[in-house]
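What follows is a short report on a single structure.
A short reminder: the numbers here are calculations on the coordinates, not readings from a lab. Given the structure is predicted, the values throughout are model-derived calculations rather than measurements. So basically every Cβ, Gly included, is an ideal-geometry build from the backbone, and we count neighbours across all protein chains shown.
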Amino acid sequence: MPRQVHLFDRPSRFVAGTVGQPGDRTFYLQASDESGRTVSVALEKTQVQILADRMNELLDEIAGRPGAVIPPDADVDDLDPLTAPVDEEFRVAAMGLAWDGNEEAVVVEAVAAGDEPIDEDAILSDSEEGPDALRVTITPMAARAFVARARRVVAAGRPPCPLCSLPLDPSGHVCPRQNGYRR
């Protein structure tokens, strides 16, 4: 079956967000363009955190190059919820991140899980065959804003236990550092 790649070149919105309550949230990447087209892909909380961290590292590395104009930081200017309805196109199995020097933009690709392991060469490629993907090209400023929002979304979950760092439920939890006694 041919690969479906959802392309967004400088979308009007590219955000990480959630649906559900802390402890039972589903994380999404969502891209929207001016025509009203919106694509949402589901992923894990750790994938959102890693994408934000790697994107920030990439921007810091590019900012260190001579002649590069990369904003040092950005505020979270988009606090709106995900665009409804949130229809999951696919669940993300792997992601790619790159800098397009010609466009002076960050390229993010989220690749769908398939029946077979993902070939690393399929990520960020223009191959006709392979898993479905969401590919977004964003400005450095939009990338910094994505990082700020993604970190805020991840931090909005349940607070960690001060002893074991596992998430605390409102009713407490069985802490392995307390030999299984409820805190």
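Worth pointing out:
- Proportion of all alpha-carbon pairs of segment 86-134 beyond 14 Å (%): 51 percent
- Alpha-carbon centroid distance for the pair segment 1-59 / segment 61-128, whole angstrom: 8 Å
- If R0 is 30 Å, the Cβ-Cβ spacing of Q4 and N102 corresponds to a FRET efficiency of close to 0.75.
- Solution diffusion estimate, µm²/s, Stokes-Einstein, the chain, Kirkwood Rh from C-alpha pairs, 10 °C, viscosity 1.306 mPa s: 89 µm²/s
- The modelled label-to-label distance for the pair L166/S127, using points 7 Å beyond Cα in the direction of Cβ, is 4.0 nm.
- Whether segment 90-175 is rounded, prolate or oblate, judged on the alpha carbon gyration tensor where a/c under 1.5 counts as rounded: oblate
- Ranking A148, L124, S171 by Cα position along the charge dipole of segment 31-183, where only Lys, Arg, Asp and Glu carry charges on their C-beta atoms, puts S171 farthest toward the positive end.
- Take the Cα of R158, go 7 Å toward its beta carbon, and the backbone nitrogen atoms of segment 39-58 under 18 Å from that spot belong to 44-47.
- Mean separation of Cα contacts under 8 Å (6+ apart) over length of the chain, as relative contact order %: 27 percent
- Taken about its Cα centre, the chain carries a charge dipole of roughly 1280 debye when the Cβ of each Lys and Arg holds +1 and the Cβ of each Asp and Glu holds -1.
- Whether segment 24-77 is rounded, prolate or oblate, judged on the alpha carbon gyration tensor where a/c under 1.5 counts as rounded: oblate
- Helix 140-155 axis, angle to the chain major axis (alpha carbon atoms, nearest 10°): 20 degrees
- Over the chain: helical MRE at 222 nm, DSSP H runs n ≥ 4 each giving -39500 (n - 2.57), nearest 500: -6500 deg cm²/dmol
- Efficiency of FRET between D53 and T26 - r from beta-carbon atoms, R0 22 angstrom, step 0.05: 0.60
- Using a Förster distance of 25 Å, the FRET efficiency for T139-R65 (Cβ separation, nearest 0.05): 0.90
- Kirkwood hydrodynamic radius over Cα pairs of segment 14-109, then Stokes diffusion coefficient at 4 °C and 1.567 mPa s, in µm²/s: 86 µm²/s
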